[in-house]
């Protein structure tokens, strides 16, 4: 099968979050299964060019219709760790992708509307006719819209799978989006059954357009799919998803076990397996040495991730002090997305600086994250919402017991040792709490810490049960191929 992924990120060359990991990991899995995959991306000035091999001109004279004229683009081709990627560079005074950032500009909606138009124009002009176009998040929500309304007679019946990674950011535009892209007909597209936002009659919703016009829609875990339809996690798109529920489901993301695997990890001083955990104990010692923690008989609890409201930052803060209260050590690695949160944790870092049982690393360090996963005993993931979550799956692979809030993909991957009724005792792999108050996370942490101190053999058994799980791209890759086959043959 010939598959083209259209996205705003692909790790490691362009990565702002989990989207980049998914695009790369899924593409590699699909290729491993014998398919041809190409990825179309914007050519940002700030992307990691050192991760691209053989970058060269692929299509110099791409003229993309835009408003009443056309913008000249160059398309470059290169390999990102084995994946064939095309990078679109517009030569425009607007400098759409020469901003020193991926997102966060006032005209993001127009930047990515242009990218979506340019990607389709490139496919058309270069005579690429994939069996399936797989596009991601609001940045490419207009791809299936324009494909059906503007390109179907030139390109034939191209099938589209559309994956939503985060419902919070949906892409909002106005009539200028229609006139710029050549969709034009305002009355037609401002219809409630097409692109009109469900709550703002004067706005177009890119993500809604992607849902309405694509042949299949996925999100990144089964439970998050349910949340998006039935709770406020859908951020206003629940009714649209309900209308299109026959073509919507959740497919759990995977993680790359070539990168996140304690058996082969080049970032940790001691590799280890589920059958021999001696290396994990040595990594714990190495982690303490690196972060200047005292070497005592205590569990290490960690948090790795963004410090923001989505990640339950108030519970992260509380977990630090509760761990210390319960005679455990705590390691935090994360960067804040808001100035106020950053200032708060900078204050905590200064306050706790001389405490031998805690280390706060404000920022992100890829190498250190591997060592923390390998050396910690437990990882807290107290998210307010979590579409899929990667940290708990990585933690399981490294024998680091997850303590998670029961939302989104966390529900689909972590099963409470004491209370889960859907899995046998030997299938349980962590601790789950559901409320957002301090008492809820304290209860889960207390159970985990008590098991570590009072029943070390049972704790080690829980560690091994977590390491037994396969959260690689193997199963999601198979599921996506089933979806592709379905939309190809049942038109």
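The values are calculated or read from the model by the stated rules, or taken from the named source; none is laboratory data. Not measured: the values here are computed from a predicted model. Here the Cβ positions follow ideal geometry from the backbone for every residue, glycine too, while neighbour counts run over all protein chains shown.
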Checklist entry - For region 36-55, what are the residues that are touching a strand residue (DSSP E or B) at 6+ places or on another chain (Cβ under 6 Å) and either part of a loop (DSSP other than H, G, I, E, B) or exposed (fewer than 15 other Cβ atoms within 10 Å of the Cβ) (or both)? => result 36, 43, 47, 52, 53, 54
Checklist outcome for this item: Among the residues of region 240-286, the number that are touching a strand residue (DSSP E or B) at 6+ places or on another chain (Cβ under 7 Å), part of a helix (DSSP H, G or I) and outside the structural domain of residue 223 (by TED's automatic domain parsing) is 1
Next on the checklist: Looking at region 141-155, can you tell me whether even one residue there is assigned to a loop (DSSP other than H, G, I, E, B), over 12 Å from residue 213 (Cβ atoms) and more than 17 Å from the chain's Cα centre (by Cα)?
Outcome noted: no
Checklist outcome for this item: Of the listed residues (255, 268), the one being within 30 Å of residue 352 (Cβ to Cβ) and surrounded by 17 or more Cβ atoms within 10 Å (Cβ to Cβ) is 268
Checklist entry - Is it the case that some residue within region 436-459 is part of a loop (DSSP other than H, G, I, E, B) and either in the same structural domain as residue 228 (by TED's automatic domain parsing) or closer than 27 Å to residue 228 by Cα (or both)? => result yes
Checklist entry - How many of the residues making up region 453-480 are touching a residue at least 24 places away in the same chain (Cβ under 8 Å) and farther than 23 Å from residue 260 by Cβ? => result 1
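Of the residues that make up region 351-358, is at least one closer than 21 Å to residue 386 by Cβ, assigned by TED's automatic domain parsing to the domain that holds residue 403 and not in a loop (DSSP other than H, G, I, E, B)? It would help to see each step written out before you state the result.
First, the residues of region 351-358 that are closer than 21 Å to residue 386 by Cβ: none.
No: region 351-358 contains no residue that is closer than 21 Å to residue 386 by Cβ, assigned by TED's automatic domain parsing to the domain that holds residue 403 and not in a loop (DSSP other than H, G, I, E, B).
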Item to check | Scope region 348-367; condition under 18 Å from residue 16 (Cα atoms) and either surrounded by 15 or more Cβ atoms within 10 Å (Cβ to Cβ) or modelled with pLDDT of 95 or more (or both); matching residues | outcome: 362
Checklist entry - What do you reckon, is residue 61 exposed (fewer than 12 other Cβ atoms within 10 Å of the Cβ), assigned by TED's automatic domain parsing to the domain that holds residue 111, in a strand (DSSP E or B) and at negative phi? => result yes
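Would you call residue 426 in a helix (DSSP H, G or I), in contact with a helix residue (DSSP H, G or I) (Cβ under 9 Å, 6 or more places away or on another chain) and on the phi < 0 side of the Ramachandran plot? Step through it out loud before you land on a result.
Details: in a helix (DSSP H, G or I): yes; in contact with a helix residue (DSSP H, G or I) (Cβ under 9 Å, 6 or more places away or on another chain): yes; on the phi < 0 side of the Ramachandran plot: yes.
Yes.
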Next on the checklist: Let me confirm something: among 217, 212, which residue is modelled with pLDDT of 95 or more, surrounded by 15 or more Cβ atoms within 10 Å (Cβ to Cβ), farther than 19 Å from residue 117 by Cα and assigned by TED's automatic domain parsing to the domain that holds residue 141?
Outcome noted: 217
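Residues are listed down the side, and each one gets a yes or a no for (1) in the same structural domain as residue 181 (by TED's automatic domain parsing); (2) touching a residue at least 24 places away in the same chain (Cβ under 8 Å); (3) farther than 23 Å from residue 53 by Cα; (4) not in a loop (DSSP other than H, G, I, E, B):
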site: 77; (1), (2), (3), (4): yes, no, no, yes
site: 84; (1), (2), (3), (4): yes, yes, no, yes
site: 102; (1), (2), (3), (4): yes, yes, no, no
site: 105; (1), (2), (3), (4): yes, no, yes, no
site: 110; (1), (2), (3), (4): yes, yes, yes, yes
site: 116; (1), (2), (3), (4): yes, yes, yes, yes
site: 135; (1), (2), (3), (4): yes, yes, yes, yes
Checklist entry - Within region 68-85, is there a residue that is modelled with pLDDT under 95, in contact with a helix residue (DSSP H, G or I) (Cβ under 9 Å, 6 or more places away or on another chain) and within 22 Å of residue 150 (Cα to Cα)? => result yes
Item to check | Number of positions in region 159-182 that are part of a loop (DSSP other than H, G, I, E, B), surrounded by 17 or more Cβ atoms within 10 Å (Cβ to Cβ) and out of contact with any helix residue (DSSP H, G or I) (no Cβ under 6 Å at 6 or more places or on another chain) | outcome: 1
Checklist outcome for this item: Of the residues in region 300-347, those that are crowded, with 22+ Cβ neighbours inside 10 Å and assigned to a loop (DSSP other than H, G, I, E, B) come to 305, 312, 328
